[in-house]
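Presented below is the structure to which this report refers.
Read-outs throughout are calculated quantities, based only on the coordinates presented, and are distinct from any laboratory measurement. Keep in mind that this is a model prediction, so the values were computed, not measured. Every residue, glycine among them, receives a Cβ derived from its backbone with ideal geometry; neighbour counts consider all protein chains shown.
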Amino acid sequence: MSEHSKPEATRHTLLLQAPPDNVDAVHALLETVWAHDVLVSAADRVRFETALIELASNVLQHTDTGSGVTCYLWVEISAEQIVATLRDSGAKGVAELPDSGMPDELAEGGRGLPLIHALVDELDYQRDGDMNEWRIVRRLSA
């Protein structure tokens with residue numbers, strides 16, 4: 001690698017079967033990611049990790065129809081951004097992503113996706129066949 005070229009992106013993967021797996025498996029993966037990619041700032045780590053844990057928690061809690069959920073998670077870090085793609089076998093997710101505003105303060109739920117919106121630069125969802133695909137992107141601070 002020349003002194004002017006950017007380091008190659010690194011990719012980390014996780015297969016999650018819930019149950020018995022839970023968000024602890026995502027925390028463990030991120031510990032490995034941060035140990036390998038030490039140049040990511042603490043602020044970017046906290047924002048990305050909080051968003052990804054919230055996303056994984058929502059998927060495991062809201063898409064399981066009683067037979068469990070299989071999730072495939074990829075985390076890729078480049079010099080510019082951190083990207084997570086989470087594909088799950090659960091029930092169809094949201095028909096449309098809500099805007100980034102929080103629900104009424106008395107609402108019992110509905111804060112997960114707005115929180116994720118606030119922590120990352122991009123949040124995308126699509127249904128691909130019988131799989132949900134979620135993608136979050138956090139551009140790295142200078």
(request) Fewest Cβ neighbours within 10 Å first, please rank 136, 82 accordingly. (result) 136, 82
(message) Take residue 125 and residue 32, extend 7 Å from each Cα along the Cα→Cβ direction, and tell me the distance between the two endpoints in nm.
(response) 2.8 nm
